[in-house]
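Structure record follows, encoded as structure tokens.
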Amino acid sequence: MRRKLVVGNWKMHGNIKSNQLLLTDIINGLRDYKNADYVVCVPNPYLFQARELLQHTNIAWGGQNVNQHEQGAFTGAVAPHMLTDLGCTYVLLGHSERRNLFHETNLTAAARFDAAIKANLTPVLCVGETLAEHEAGLTEVIVASQMDAVMATLGDKEFAKAMQLNMVFAYEPVWAIGTGKTASPAHAQAVHEFIRHRIDRRNSDAAAHVRIIYGGSVNSKNAKELFAMPDVDGGLVGGASLNAEEFVAICRLAN
Ligand code: PEP
């Protein structure tokens with residue numbers, strides 16, 4: 001039985017005051033809910049604040065991206081060890097906003113995945129098709145190419161390390177992110193099953209254990225049905241993670 005996981009992605013939202021209120025309400029709301037894992041991925045400047053408030057709670061925190069280099073002349077970039085210095089245990093990689101707005105590619109996702117696991121960060125690799133690809137029936141082709149670009153770069157040792165860190169896949173159809181259009185539970189299940197089969201080709205034990213979470217307009221009304229699907233192991237939540245009541249309700253449904 002895989003333990004469910006809910007990851008909040010705050011994107012570029014928040015300030016010290018609003019974060020304090022949001023995190024305090026989330027901590028209080030989830031205090032007695034110990035049967036699932038909860039993570040918030042906050043903007044980098046607030047990781048210190050997240051650590052101050054979340055250490056000694058049942059909520060972990062993580063970065064929304066990481067650079068593949070350890071250090072150097074990379075203005076504006078954040079190295080994996082900087083995230084772990086601030087107590088992060090998770091990092092999002094290959095989010096569609098990074099791919100579409102910041103021109104990141106399968107290649108950079110693969111390099112960052114490798115750097116993240118070397119630094120003992122649990123990678124949450126985001127994959128998913130655009131609306132045009134969805135309508136052209138290319139969902140599986142796109143998801144497979146995004147997965148393979150990363151998996152093919154991992155030798156057996158790296159793959160074992162990624163498993164030891166409980167790597168996560170997030171299926172996020174781009175047409176469902178921030179649009180209010182959620183994938184149907186049946187569609188999410190079909191793609192999650194496809195992802196699990198693809199991991200199974202590499203390692204069946206890994207396939208059985210890896211968590212595949214769904215992202216794309218998850219809210220407290222649709223989460224129950226989505227989380228009930230056999231291959232949906234939780235959610236990656238954007239907009240609704242900025243509202244404590246909503247986020248707590250989604251997390252409780254995973255519990
Ligand atoms: C996301 O940011 O990964 C996301 C799924 O956003 P939203 O929940 O707002 O669609």
> Can you spot a residue in region 185-195 that is crowded, with 16+ Cβ neighbours inside 10 Å, within 14 Å of the ligand (Cβ to nearest atom) and either touching a residue at least 24 places away in the same chain (Cβ under 8 Å) or over 17 Å from the mean Cα position of the chain (by Cα) (or both)?
Replying inline: yes
> Is it the case that region 43-65 has a residue that's closer than 26 Å to Gly155 by Cα and in a loop (DSSP other than H, G, I, E, B)?
Replying inline: yes
> If you take the residues of region 85-109 that are free of Cβ contacts under 8 Å to residues at least 60 places away in the same chain and buried (at least 24 other Cβ atoms within 10 Å of the Cβ), which of them is nearest to Thr57 (Cα to Cα)?
Replying inline: Cys88
> Among the residues of region 200-231 satisfying the criterion of being open to solvent by 50 Å² or more (accessible area, probe 1.4 Å) and among the acidic types (Asp, Glu), which is farthest from the ligand (Cβ to nearest atom)?
Replying inline: Asp205
>> So Gly178 ticks every box in (1) crowded, with 17+ Cβ neighbours inside 10 Å; (2) touching a residue at least 60 places away in the same chain (Cβ under 8 Å) but one. Which box is left unticked?
In response: (1)
>> Lys34 - would you say it is under 14 Å from Val237 (Cα atoms) and either part of a loop (DSSP other than H, G, I, E, B) or not small (Gly, Ala, Ser) (or both)?
In response: no
>> Whether any residue in region 2-14 is closer than 22 Å to Leu154 by Cβ, among the β-branched types (Val, Ile, Thr) and open to solvent by 50 Å² or more (accessible area, probe 1.4 Å) is what I want to check.
In response: no
> Of all residues in region 232-245, which are surrounded by fewer than 20 Cβ atoms within 10 Å (Cβ to Cβ) and more than 10 Å from the ligand (Cβ to nearest atom)?
Replying inline: Asn243, Ala244, Glu245
> Do any residues in region 110-122 that are more than 13 Å from Gly94 (Cα to Cα) and open to solvent by 10 Å² or more (accessible area, probe 1.4 Å) have Cβ atoms under 8 Å from those of residues that are in a loop (DSSP other than H, G, I, E, B) and among the acidic types (Asp, Glu), where the two are at least six apart or on different chains, and which pairs are they?
Replying inline: Ala115/Glu70
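The values are calculated or read from the model by the stated rules, or taken from the named source; none is laboratory data. Computed from a predicted structure; not experimentally measured. Ideal geometry is used to build each Cβ from the backbone, glycine not excepted, and the neighbour counts take in all protein chains shown. For the accessible areas, the whole protein counts, side chains as well, though only heavy atoms, and no ligand, DNA or RNA atoms are used. Shrake-Rupley method; radii C 1.70, N 1.55, O 1.52, S 1.80 Å.
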